[in-house]
Amino acid sequence: MMSKARSDAVRPAARQAATPIAFVQAVVRGFERYGANPADALQRAQIAPSLLRRPEARVTAAQFELLCGTAMQQLDDEALGWFSRRLPWGSYGLLCRASLSAPNLGVALKRWCRHHRLFTDDIVLSLDDDGQVATLAIEEHRDLGSLREFCLLTSLRYVHGYACWAVDSRIALRDTAFPFAAPPHAAVYPLLFSGEMHFDAPRAGFSFDAHYLELPLRRDERALRAMLQHALPLTVLQYRRDRLLVQRVRELLHDPAADALHAEGLARALNVSLRTLHRHLQQEGASVQALKDEVRCGRAQDLLRRTRQPVKQIAHQIGYRSEKSFARAFRQWTGAAPSDWRAGGPVTPSDMISPAISGRIGIRPGGQGVPDDA
């Protein structure tokens, strides 16, 4: 039976070969470090040894998953030779379990960074948060040699994949950096990391919206056991759902200059495709139009409450060409005409948005989001 982790990862076509042979070569070097023969692992993954001599060769995600899983068990090292000591089979499972009881993602990631150092200090992970942007960085304390690229790349994918799974949300990255030159297979990196890509950086790491750190963890021990049976997809494939996307769209739309921003412009600003934007919003019970209506309604109510501007002027300020069309939309949002709403005085937060809007953006009375499993 397919685990939750598998179903929530964006999987390419089963036979699509996109994983660079350089990553396979890195696994083979792990065998060489321990004086072991990789032939059996390659055979189980149906990877012909001749492919190792072809720099342009690719293998499928399924082949690479099987190769890594076999190598980790045969070498009893989940780090595949990266570090000065083995990370025995089950080490990363312990990292996941130690973070699972955290109240939110921020605490979970801090635990991950702290506990990872108990396994090895060859690399040290750290999490910084300035309130707006969170940065997960890696400091190297040892020369990782020819395994450096694969170690740093995979270490970042491990923590990012686990974080997405733990909060059941895609965590959109602003940028990702690596302290080495762009490799010949650099084209695969955007498939592993969203946002901007930087090479020849001072250190490895990625940054993301700090609001993700506030998301509560949504997994339990049973879900963890199921995920660990097929954990590798989380390290090589992008997660589907983005639970913070609705909030990020709201923030963009609250900019008065963004009133005329269409879905295409929002998608560009969020570094996602138009199709992905619509799909993620739909998963959260929202739409671009409903969110624009919500923002316009809030701005209109604020102006009606705080100012004595004519209704016609307020209509133009929030993007309506005529007072009549604004009044019609406002009545749909609140059930009252703008002038009547202004005369009625202050309202409670639960009255700010009408059922017509809240039903389209997944909000219960009182402003609380409806979870997917409600």
| task | Show which aspartates and glutamates lie in cross-link reach of LYS110 when reach means a straight Cα distance below 17 angstrom and same-chain residues fewer than eight apart are skipped. | result | ASP121, ASP128, ASP129, ASP130, GLU139, ASP209, GLU214
| Cα-based shape type of segment 85-144, given that a ≥ b ≥ c are square roots of the gyration tensor eigenvalues and the cut on a/c is 1.5 | oblate
| said: Would segment 276-335 count as rounded, prolate or oblate if I go by the C-alpha gyration tensor, calling it rounded below 1.5 in a/c and otherwise prolate when a/b exceeds b/c, oblate otherwise? | reply: prolate
| field | Cα→Cβ-extended label distance, 7 Å offset, between TRP89 and SER126, nm | value | 3.6 nm
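Computed from the coordinates by the stated procedures, all read-outs in this text should not be read as laboratory data. For clarity, every value in this text was computed on a predicted model and none was experimentally measured. All Cβ positions, glycine included, derive from the backbone under ideal geometry; neighbour counts span all protein chains shown.
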